[in-house]
1. Report, in listed order, any pair from K236/K270; K68/K108; K205/K286 with a Cα-Cα distance greater than 22 Å.
2. Can you list residues whose amide H is under 5 Å from Q3's amide H, if they're 5+ apart or on another chain and H is modeled 1.01 Å from N?
3. If you add up the charges near A390, with Lys and Arg at +1 and Asp and Glu at -1, over every other residue whose beta carbon is less than 15 angstrom from its beta carbon, what do you get?
4. So what is log10(I(q)/I(0)) for the chain at q = 0.06, 0.12, 0.13, 0.14 1/Å, when the Debye sum runs over its Cα atoms only?
5. Would you kindly derive the ³J(HN,Hα) couplings of region 424-431 from the backbone phi angles with the Karplus curve 6.51 cos²θ - 1.76 cosθ + 1.60 (θ = phi - 60°), listing them in order in whole Hz, with x for Gly and Pro?
6. Any chance you could get the radius of gyration and Dmax over the Cα atoms of region 205-278, in Å?
7. Using the alpha-carbon centroid of each, what span in Å lies between region 248-315 and region 24-67?
8. What's the magnitude of the charge dipole for region 1-95 around its Cα centre, counting Lys and Arg as +1 and Asp and Glu as -1 at the beta-carbon? Answer in Debye, nearest 20.
Amino acid sequence: MLQLKPETPDLWDSILPEELRKLPEELARVDILLQDERLMEPFLRRFNQTQGRPGVPISTYLRLMYLKFRYKLGYETLVEEVSDSIAWRRFCGIGYQQRVPDASTLIKLTHKFGDEMLAEINSLIIANLRARKIVRGRKIRTDTTVIASDIHYPTDAGLLFDGLRRLRQKLVKVPGIGLRLGRTMTKAKKMIFSIAQALRKPDAKSRERVKRINRKILRIVRKTVIKVQRVLRKVKDPKVRGHLETTLGLTDRVAGQTEERLSGGKPTDKVVSLADPGARSIVKGKLANPVEFGRVGQITQDESGYFTQYGVHNGNPGDVTLLPGIVKKHKRQFPRALKVFAADMGFSSSDNHKLLKAGGVRRIGMAWRGNAPPDIRAEQGRAWFKALMAFRAGIEGSLSFLNRKFGLKRSMFRGDVGTGIWVGWVVVAANLYRFGRSP
């Protein structure tokens, strides 16, 4: 049963000293935003169940998740810290004689509520800030960054071994199937170890040896896939069968792309992880990390410093293709408010300039690609354009702040929805933190 708010305050409050009943200043200000009744509406529309035992109050859940991302805590550590803190218990609405919700319960709720819910929660928080005349939406800047997946570095041999390991894990759950992959795994593991030894000498002979070993592992995986397909009909449990078929499909894709690469080809839409099949190779041209693995995240920030919107995109879409969606979403949040827009050259195109002008944007801080027309060249020489370029550069610091303070750089939730949930909570926590720390 959906429960929006916790029960009445604990009776032990009456005997506590005044200092212990007072929340820290930051949490007290965050509590003001989270008391907004409109934050309950998305949960009522989607999960308004009237039967069953009461669940974790939504008000408590939101505050617990803020503390998790504010202090970059794991679920188990979060439960321990809240259990041991009077201030955090009061902030979350958990009585002194009540148990803090289990880590497994919080994990289930987080994935149950999903990423769309979080996007709506952030929009409602921004609407509250707009009503307080803190956020106006007249001047914004936007940029993209890579949201790395929580996976190991993908190699052909490593991905093939992951396929074998996952097939073995699924087969263990099927009694009497007559197929075990223990010896196959041991053989493949020894081959991977020999690859590590060969790579110590980066010469042509060693590279050829690595290719020969990869071909041997590939043949083992091909034979294993055929064997598993033959015994698949013996699997009666539909859930186990579905997982096994999914793993078989991914393993076969990895084998296919490995075979293509060993033949001198360049696989497209390459699988880089069996744990997170939606992750992709992303090239951003950075010297430290020329190739990253995950998804592209897009962040938009108001001149007040609050993050008005965000997005997570598969693959490596061009920034220029994202701008129309950003402008459309901003207009829904702030009708006829946008007057100044700043972004890097990746968002720039003649069509995007026309779109912004047609939408009433007076000043556009985007460098033109190639030779700029005379009117654009004249604008780029003015003082306001140079000021906008400095304003645009500030979002790099904001992204660094999200990475350092809230863990935006690497999503610990896997999958498209999981990454959306991770980025959503990072943005929501950052906005609440900013309000909590403001005077």
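The values are calculated or read from the model by the stated rules, or taken from the named source; none is laboratory data. Because the structure is predicted, anything quoted here is derived from the model rather than measured. When we count neighbours, we look across all protein chains shown, and the Cβ atoms used for this are built from the backbone with ideal geometry, even at glycine. Side chains are part of the model used for accessible areas, which takes the heavy atoms of the whole protein and leaves out ligands, DNA and RNA. Shrake-Rupley method; radii C 1.70, N 1.55, O 1.52, S 1.80 Å.
1. As for pairs spanning more than 22 Å Cα to Cα, those are K236/K270; K205/K286.
2. Residues meeting the criterion, in which the H sits 1.01 Å from N, are G55, I58.
3. +2
4. -0.36, -1.11, -1.18, -1.25
5. x, 5, 4, 5, 4, 5, 5, 5
6. Computed over the Cα atoms of region 205-278, radius of gyration and Dmax are 14.5, 49 Å.
7. Comparing the Cα centres of region 248-315 and region 24-67, I get a distance of 34 Å.
8. Computed about the Cα centre, the dipole is about 440 debye.
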